[in-house]
Protein chains: 2
Amino acid sequence: VPTERILFELFLIFAAAKLAGEIFERLRQPPVIGEVLVGVALGTHALGLIGHTPVHEVVQELGAIVLMFMVGLDTRLDHIRAIGGRIVAVGTAGIVLPFLSGLAFVYATEGGLDEAVFIGAAMVATSVGITARVLSDLGVVDSLESRVILGAAVVDDILGLLVLAIASGIARDDISPLGVAGLLVGAVAFVVLVGGLAPRVVRASASKIEAAVIPRGPLVVALAVCLGLSALAGLVGLAAIIGAFLAGMAFAEVPSWRLEAQVAPVYELLVPFFFVVTGTNVDLGVLTEWSSLVLVAAMTALAIAGKLIGCGGAAWGMGGRSATIVGVGMVPRGEVGIIVASVGLAEGIIGPRLYGALVAMSILTTVVTPPILKALFKERARPPPRERHPRTDEIEGIGG
Amino acid sequence: VPTERILFELFLIFAAAKLAGEIFERLRQPPVIGEVLVGVALGTHALGLIGHTPVHEVVQELGAIVLMFMVGLDTRLDHIRAIGGRIVAVGTAGIVLPFLSGLAFVYATEGGLDEAVFIGAAMVATSVGITARVLSDLGVVDSLESRVILGAAVVDDILGLLVLAIASGIARDDISPLGVAGLLVGAVAFVVLVGGLAPRVVRASASKIEAAVIPRGPLVVALAVCLGLSALAGLVGLAAIIGAFLAGMAFAEVPSWRLEAQVAPVYELLVPFFFVVTGTNVDLGVLTEWSSLVLVAAMTALAIAGKLIGCGGAAWGMGGRSATIVGVGMVPRGEVGIIVASVGLAEGIIGPRLYGALVAMSILTTVVTPPILKALFKERARPPPRERHPRTDEIEGIGG
């Protein structure tokens, strides 16, 4: 594919996403839904105007990274640490129910144990991107519910990584307890070390960073750390966005740099690529058969119920509405579910029918969440802030 | 190449470029040279830490686009139009001498007429990126000399496109006057129409753009237009950066949007990719043979002399120092020279020896320019502004 063609597609993605965002915003719907639908309409499975190349995957990933970095900038380590117990509880509870219900359902209706275990594993993964975007659009990233969701999503990603490793190992008959343990140690060490140390390192070296001669030294250092930790997270098997989120959280320690205002233009440019390219992966064709439709409906219902009951239940001490917000926020499977499904198809663990159902479930859980989340926050009657990214120091006192 | 690997390389490119920029800035050298050298050192021809994939090409292109968009934002159409005659004279003069001297030299020393005509064509192209970056770093984009250089580079690109089309046509023996005329009409129409109309369209629709509901409406529209015009420029055969430059110039009409301040973070993120990836294309291996070294030295001398005498001569009416600045500013061949050389090699018009010499000439003309340009502007004793991108309204009265 020549560079000119890619350039045209990047223009198309960006312009169409922003246009759709504008229309959805005027209809008082979450703009992110418009961006995903643009991808569905223009992607390879529909109009075919947007292809799927490594370039598309990289801009998609960069969009997700900038999104989670921005969300991290709104998240203080102290605030997360103060609710650590609840975060672990919600994250863990959100794994058990979807895994067991997915496993049981597929084993009972469709076939082999290998398949069933894999589907269970695929039902587990939370894609925090869409929830994070809705929280960001609503200006409530620093609310207690948001902090529980964001923290639990990190726990979720670690456990999901393990479950998937075990499920793939079972299917390939070469499961190694040592390998799984190594994966766990690496992932936990990354999150604990980076999450715990990076904020201190940033605070301690703030004056040195400010002494940089190149323009916008703090922004440049923050972006470099964000890219570096994203790559490192990928290296230990976690999602790159976990690294980006932790990087953002580290730089949230120096509010005087006003990094949110500086990153905002980069956010506006890159984040749409994440949602549009995610949309292009959707193949509505799987929904044309009746039996598939039933399968999709059942798996989607289980996927929603599993997170809602598991996460919402573990968060019940926060009060009914807050627990519901947490449960709903953990529902989307997004691109994570689609990626897991692709791995299962490529390795021959699941067939095209279950693959299609997983993809459809991932999309449906992703599309239903934003309006519900928006409504739940709205009923709490906080005036929606006009500017998407209030400065950290402005919203400091609002949350919790 | 998996996405994790690409992510790591993007981190490496960004971090190394900024570190080199910081070091060069402290040594009072142009930081852009540090960025190019990082690419040379880490690229496939040296340490091999940075590969060459379509992703690298796209981020390189995006960096160049943002760079030229930013430069365009500092350029008012009125200021360009007022010096239109001089711009056309400088651009045209910069074509004739390099073409004829390159042709004559290679025909006399190396071989066939086809090769000689192609080398002449390859000597023609100006890569305005490096000059634009130096002007931007020095904060003198709105000076009279800068405006002449930027305008003449557009003229240069149109004429260079034609010369190359003719040279390739001669080498392939299928030159069509109609095809060449069509190319000329398309390129000129694009520049005249877009350059003349876009600023008016932006001014006329400013209030509508401001009424957008999505955050940062003006920035979003400007970025969309920038990507769109870049793609369109590529479509008519021009360099994409011409489209980006014209887009920037169009939005320079609404200084109250402060787009420079908003684009600056995007600039800091993406522009280094242009210079580092450009550096990775350099193969210092071609400089190891004695006879090649002589060839490179001769071609580089002709390339420099051709622009210096041609462009400087056509700008002589501006005074000696200003004419020298214009001449020096047009010297770099950069990635344009390398791309032309690659086409010639791929189509079998030139051999590896002349290819290596063209690449080396492109790099050398690119590396010698920034320090000289910096020194020439410094001698004019303007206090170098601390912030790289002064707001348009602040520097309005300085230039010319």
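The values are calculated or read from the model by the stated rules, or taken from the named source; none is laboratory data. Quick caveat, the model's predicted, so the values are computed rather than measured. As a convention, Cβ positions derive from the backbone with ideal geometry for all residues, glycine included, and neighbour counts pool all protein chains shown. Please note that ligands, DNA and RNA were not included when accessible areas were found on the heavy atoms of the full protein model with its side chains. Shrake-Rupley method; radii C 1.70, N 1.55, O 1.52, S 1.80 Å.
If we count every other residue with Cβ under 14 angstrom of B:GLY313's Cβ, Lys/Arg +1 and Asp/Glu -1, where does the sum land? With Lys, Arg at +1 and Asp, Glu at -1, the neighbours total +2.
Extension gain for B:ALA82 to B:THR109 (0.36 nm times residue separation, less C-alpha to C-alpha distance): 5.4 nm. Since only A:ILE241, A:LEU100, B:GLY21 are under comparison, the one whose Cα sits farthest along the positive direction of the charge dipole of the protein assembly as shown, derived from C-beta charges on Lys, Arg, Asp and Glu, is B:GLY21. For chain A, the share of accessible area belonging to carbon and sulfur comes to 68 percent (1.4 Å probe, ligands and nucleic acids excluded). A Cβ-based charge dipole, computed about the Cα centre of the protein assembly as shown with Lys and Arg at +1 and Asp and Glu at -1, lands at about 1920 debye. When peptides B:59-68, A:157-166 are ranked by their average number of other Cβ atoms within 10 Å per residue, the highest-first order is B:59-68, A:157-166. Taken about its Cα centre, the range A:262-357 carries a charge dipole of about 340 debye when Lys and Arg each add +1 at the Cβ and Asp and Glu each add -1 at the Cβ.
Taken residue by residue and averaged, Cβ atoms of other chains lying within 10 Å of the Cβ of B:51-60 number 4. A point 7 Å from Cα along Cα→Cβ stands in for A:THR288, and the other copies hold the same point at 5.9 nm, listed in rising order. By the rule of a C-alpha distance below 16 Å, with chain neighbours fewer than 8 residues away ignored, the lysines paired with B:LYS208 are A:LYS18.
Ranked from shortest, the separations from the 7 Å Cα-to-Cβ label point of B:THR44 to its equivalents in the other copies are 2.3 nm. Using a 10 angstrom cutoff on alpha carbons, build the Gaussian network for chain A and name the most mobile of A:ARG147, A:ARG133, A:ARG353. So, out of A:ARG147, A:ARG133, A:ARG353, the one fluctuating most is A:ARG353. Estimated from the Cβ-Cβ distance and a Förster radius of 56 angstrom, the FRET efficiency linking B:VAL201 and A:ASP173 is about 0.30.
Straight Cα distances below 19 angstrom link B:LYS307 to the lysines B:LYS374, with same-chain residues fewer than 8 positions distant left out. Comment: the Cα-to-Cβ extended label point of A:GLU57, at 7 Å, lies 1.8 nm from its counterparts in the other copies, nearest first. For peptide A:16-25, the mean count of partner chain Cβ atoms within 10 Å of a residue's Cβ comes to 3.
Rounded to the nearest 10 degrees, the angle from helix B:113-124 to the longest Cα principal axis of chain B is 30 degrees. With Cα atoms defining each centre, the range B:227-306 and the range A:121-175 are spaced 41 Å apart in the structure. Averaged over peptide B:216-228, the number of partner chain Cβ atoms lying within 10 Å of each residue's Cβ comes to 5.
Calculated accessible area for the range A:270-367 comes out at 34 Å² per residue, all protein chains present (probe 1.4 Å; ligands, DNA, RNA ignored). Electrostatic bookkeeping for A:ILE170 treats Lys and Arg as +1 and Asp and Glu as -1; over the other residues with beta carbon under 13 Å from its beta carbon, the sum is -4.
Under the simplified labelling scheme, the A:ALA189-A:ALA301 pair shows an inter-label distance of 4.5 nm, with each label point 7 Å from Cα along Cα→Cβ. Note on chain A: the alpha carbon radius of gyration divided by the globular reference 2.2 N^0.38 Å gives 0.95. Our helix-only sum for chain B, with -39,500 (n - 2.57) per DSSP H run of n ≥ 4 divided by its residues, gives a mean residue ellipticity at 222 nm of -25500 deg cm²/dmol. The listed peptides A:71-81, B:242-252, ordered by packing as a protection proxy, come out as B:242-252, A:71-81 (highest mean of other Cβ atoms within 10 Å first).
What does the extension gain come out to for B:LEU27 and B:LEU284, with contour length at 0.36 nm per residue minus their alpha carbon separation?
Between B:LEU27 and B:LEU284, full extension yields an extra 90.1 nm.
Relative to the longest principal axis of the Cα atoms of chain B, the long axis of helix B:54-73 lies at roughly 50 degrees. Between rounded, prolate and oblate, where does the range A:259-389 land on the alpha carbon gyration tensor, with a ≥ b ≥ c its root eigenvalues, rounded for a/c under 1.5, else prolate if a/b exceeds b/c? Oblate, since a/c reaches 1.5 and b/c is not below a/b.
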